[in-house]
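Engineer: Below is one structure. I have some questions about it.
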Amino acid sequence: MVSRHTPFLLAILALSSLLLCSSCAPYLLEEDLLQDRLDVATPPLDGTHSLAQSFTCQHPFLYEVELLPAVYAPNGSGSISFALTSANGKIVVSQQTIDAASITANQPLRLVFSAQPDSAGRTYHLEVEGSTGVQIGFWCTSYNSLAGGELAVDGGTPVGDLRLVTRCRYSVATVFQQTLRSWLPRLKLLIPLALLLVVPGLVLGGLFGPRWDNPLLGWSVVIGLSLTVVPVVLLWTSLFGWRWQGQFCLPVYGLLALVAIVCAARMRFRGIREVFTHKNGRAAAALAMILLVTLLLRLVQIRNLALPAWVDSPQHVLITQLVTLQGAVPASYEPLLPVRDFYYHYGFHTITAVFAWLAGLTVPDAMLLLGQVVSVLCSLSAYAFGAYLFRRHLPGLAAAILTGLVSYLPAYYVSWGRYTQLTGMALLPVAAICAIEWLCVEKRDGRLLLAAALLSAGLFLTHARVAIFCACLLTAYLLIESICRIRLGARSSLKALWLRAATLLACSLLLCLPWVIRLAHILPSVATSSASRAADASYNAVPTGLLFIRNNKQLFVIAALGVLLGLRRFRREVSIVLLTCVLVGLVVNPAWLRLPGTNLVNNASAVISLFLPLSALGGLAVAELPVQLAGLGSVWPGTLESGQRLLLTRRILLAALTIHSLLSAWGMASIVNPDTVLATQADLHAIQWIQTTLPGDSLFLINTRYWQLDMYVGTDGGYWIQPLTGRRTLLPPLPYVFGSADYVQHVADLARTVAEAQDVDSPEFLELLHREGVTHVYVGAKGGALQPQLFLASSNYRTIYESGAVWIFEVLHQER
């Protein structure tokens, strides 16, 4: 007999199956060695030729070797045998024979075998032979291209290296064990992180901060204040000529820590005690677990990065170095770049500089770690946003899970090096919460006004675009609140509401007034650059690939469910979130209203910020769905009371969400896009060699390519030479675009010439090098238009460094 609760169980099963239906592989396949250069092919392995390639694996669990066939004649016969050995041939790893007819020209040929746990640092030998009739060789280079490896044809002298890719396969346990083993010795970094992220906010909270009914929300505000007070204070100390110095950073933060302890003791550690009350304890434990798992995932994602990724990262390092050098908000990019005006939002760079001082790390290392920590803080902020809007822990906890472990964004920000917007998105919810609290409270609270103004000002200094999104959120709140008060007949309170908004705006602008004045001076140039962006239709195109990036379709569905379920009990809150999205869309696309646009904010920046409203509405869906299902009394057994039904459905749904989030998290373990990684470990070694060996006035020719909006960027590790060593490169980091028109055009012309270079010995190219004073050429592991073979046979260049992957040539200027 069919049970009365069978329909309900089937519904839950269907929902769980839908949530668990993620295309997540049980193993992670990651690149180990990449040698993708080629300029010749080996002879056909027709029975008279053989080849042997050695290589040294960098990571454990070697699983796959990939070669690129060169087919000399189609419809060949015979077979090719592959033998992979280690320990000088004593251990046979794999032996395979492949029919030559199944091999396609220029299509990767993958040799798969059982994973080798001890492959890290081990040298392997791949021997390849063919039978009579085989007309297939393999693409390779005619010069050394692979460190720790070499190619020998017919047992002769090494001639180069095969075009070769090796990959390793990891289980979940292996990945997390490796990550923990790598980071456990660095647990001491928790101390400077705590000093940076908690101590200033605790001092401000203890002395001036408001009290929150939800202590977890209060801790979110504490961290937000810690992140925003640093750039605000630096702005004002710079105005008065006071310079920050690294050696005083630790004593100052230590003193602040003592003040924070005294303040906490005066309040009998109320903020900590309230976290562990029966009302908040379980939510605190759940949130701590979510943040811990998210942090572990973020550390997994950067475990193979030698330096931060993509073209934004070198400029962020450059600006951070300006802050550390000057101990103030930079007035210009000099002496690092010949750019007079500095008006780039600097909040993230300031906290990175302070963290580097506190932790004793290099700026790139500090940026890479702090960026991932800030990504975790986005989950904390999502919790705060959801818990505050919907007045319960559960929507906030679900929003934190969706943001940290399900949504592809903000995790994917690490591939772009978009640390400034990432920090802005971590601050936006907290700034909005404090602002709304200030707007809605009946009595005046100067402490709340100070916290809201400081957070808003710090957000503006950290990322102007995100500050605009926050303004849209507060505008949506003001409009919805005004409509509600009018409908309730409370028109008399409207004036007070908008006056409070004006007061908050004035206080926020006052806190960052020197920066506002500086920006006012460059408005004409901003308008000019904005016009150039408007002329490029691609700048504000809607990036559908990012809009529906992995897992986003699920988030849209869950968020839509949250809208439908929440309109009855949380109509005003849901309306605020939806209206915010509409206002952001109008700001980004003013042409919808036939208004002129500034193009200061584009669709891409808005789309990659959607994770916040989607997660908040998704959290509401997770909280409301059990309530709705528990209310369907007809499908439940009569023995279950309403409270039991609610508890059962909530547990089942949370279990499904937890499983789904963990599977989604595993799918994001390799989230860094290899195409956005400019520098490898080989590049880092080469750059360190440059730092210790070559003169400080060296000028490097590096690989370049066109990026967007008439801007050129580097394509390999050479783009990092100037930020890390101070040696100039012919193409500087991205802030060069803020220079004079003549300077920007000159750099672009040079970069275009290099990107299109085919003959590095032509008189025109040599004249360019001589005129600009280029002393060296750097060809990184990722490469570009400039390849080693262009320089090896030339008398105009001399090899002074080569590691297989990276080559450095000295330019031999002839008398002219």
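Engineer: Considering only residues that are part of a loop (DSSP other than H, G, I, E, B), open to solvent by 10 Å² or more (accessible area, probe 1.4 Å) and not charged (D, E, K, R), which ones fall in segment 786-816? Working first, answer last.
Structural biologist: We begin by selecting, within segment 786-816, every residue part of a loop (DSSP other than H, G, I, E, B); these are 786-788, 793-796, 803-806, 812-816.
Cutting the leftovers down to open to solvent by 10 Å² or more (accessible area, probe 1.4 Å) gives us 787, 793-796, 803, 805, 812-816.
Those that are part of a loop (DSSP other than H, G, I, E, B), open to solvent by 10 Å² or more (accessible area, probe 1.4 Å) and not charged (D, E, K, R): Gln787, Ala793, Ser794, Ser795, Asn796, Ser803, Ala805, Leu812, His813, Gln814.
Engineer: Among the residues that make up segment 228-240, is at least one of them farther than 30 Å from Pro69 by Cβ and not in a helix (DSSP H, G or I)?
Structural biologist: Within segment 228-240, the subset farther than 30 Å from Pro69 by Cβ is 228-240.
Filter again for not in a helix (DSSP H, G or I), leaving 240.
Among the residues of segment 228-240, at least one is farther than 30 Å from Pro69 by Cβ and not in a helix (DSSP H, G or I), which makes the answer yes.
Engineer: Something else about it: Please go through segment 135-157 and pick out each residue that is open to solvent by 40 Å² or more (accessible area, probe 1.4 Å) and within 22 Å of Ala686 (Cβ to Cβ).
Structural biologist: Answer for segment 135-157, where residues must be open to solvent by 40 Å² or more (accessible area, probe 1.4 Å) and within 22 Å of Ala686 (Cβ to Cβ): Ser142, Asn144, Ala147, Gly148, Glu150.
Yes or no, residue by residue, for (1) under 28 Å from the mean Cα position of the chain (by Cα); (2) not aliphatic (A, V, I, L, M):
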residue: Ser670; (1), (2): yes, yes
residue: Ala682; (1), (2): yes, no
residue: Arg728; (1), (2): yes, yes
residue: Val760; (1), (2): no, no
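Engineer: Hey, among the residues in segment 547-600 that are hydroxyl-bearing (Ser, Thr, Tyr) and part of a helix (DSSP H, G or I), which one's least open to solvent (accessible area, probe 1.4 Å)?
Structural biologist: Among those that are hydroxyl-bearing (Ser, Thr, Tyr) and part of a helix (DSSP H, G or I), it is Thr580.
Engineer: Determine whether Ala147 is within 30 Å of Lys90 (Cα to Cα) and hydrophobic (A, V, I, L, M, F, W, C).
Structural biologist: Spelling it out, Ala147 is indeed within 30 Å of Lys90 (Cα to Cα) and hydrophobic (A, V, I, L, M, F, W, C).
Engineer: Considering only residues that are crowded, with 18+ Cβ neighbours inside 10 Å, of a type in the set (Val, Ile, Thr) and under 28 Å from Glu31 (Cβ atoms), which ones fall in segment 641-687?
Structural biologist: Once the filter is applied, which keeps residues that are crowded, with 18+ Cβ neighbours inside 10 Å, of a type in the set (Val, Ile, Thr) and under 28 Å from Glu31 (Cβ atoms), segment 641-687 yields Ile671, Val672, Val677, Thr680, Ile687.
Engineer: For segment 153-178, name all the residues that are assigned to a helix (DSSP H, G or I) and free of Cβ contacts under 8 Å to residues at least 12 places away in the same chain.
Structural biologist: Let us first name the residues in segment 153-178 that are assigned to a helix (DSSP H, G or I), namely 172-178.
If the condition is that a residue be assigned to a helix (DSSP H, G or I) and free of Cβ contacts under 8 Å to residues at least 12 places away in the same chain, then Ala173, Gln177 are the ones that fit.
Engineer: Considering only segment 44-75, how many residues are surrounded by 18 or more Cβ atoms within 10 Å (Cβ to Cβ) and in a loop (DSSP other than H, G, I, E, B)?
Structural biologist: 9
Engineer: Restricting attention to segment 308-326, which residues are open to solvent by less than 40 Å² (accessible area, probe 1.4 Å) and either of a type in the set (A, V, I, L, M) or at pLDDT below 95 (or both)?
Structural biologist: The answer is Ala309, Val311, Val317, Leu318, Ile319, Leu322, Val323.
Engineer: In addition: Working carefully through the options Phe61, Phe8, Phe82, Phe55, find the one that is among the aromatic types (Phe, Trp, Tyr) and at pLDDT below 95. Steps first, answer last, please.
Structural biologist: Working: Phe61 fails: at pLDDT below 95; Phe82 fails: at pLDDT below 95; Phe55 fails: at pLDDT below 95.
Exactly one residue qualifies, and that residue is Phe8.
Quick grid of which residues meet (1) of a type in the set (Phe, Trp, Tyr); (2) surrounded by fewer than 22 Cβ atoms within 10 Å (Cβ to Cβ):
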| site | (1), (2) |
| --- | --- |
| Tyr344 | yes, yes |
| Ala353 | no, no |
| Gly360 | no, yes |
| Val363 | no, no |
| Gln372 | no, no |
| Ala387 | no, no |
| Trp416 | yes, yes |
| Met425 | no, no |
| Ala435 | no, no |
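Engineer: Quick check on this structure: which one of Leu454, Leu461 is under 18 Å from Ala506 (Cα atoms) and open to solvent by 10 Å² or more (accessible area, probe 1.4 Å)?
Structural biologist: None of the other options fit; the residue is Leu454.
Engineer: Would you check if there is a residue in segment 744-756 being modelled with pLDDT under 95 and either under 23 Å from Arg798 (Cβ atoms) or open to solvent by less than 20 Å² (accessible area, probe 1.4 Å) (or both)?
Structural biologist: Checked against the condition, which is being modelled with pLDDT under 95 and either under 23 Å from Arg798 (Cβ atoms) or open to solvent by less than 20 Å² (accessible area, probe 1.4 Å) (or both), segment 744-756 yields no hits at all.
The values are calculated or read from the model by the stated rules, or taken from the named source; none is laboratory data. Bear in mind the structure is a predicted one, so any value in this text is a computation, not a measurement. As a convention, Cβ positions derive from the backbone with ideal geometry for all residues, glycine included, and neighbour counts pool all protein chains shown. Ligands, DNA and RNA are stripped out before the accessible areas are found, and what is left, the full protein with its side chains, is counted by its heavy atoms. Shrake-Rupley method; radii C 1.70, N 1.55, O 1.52, S 1.80 Å.
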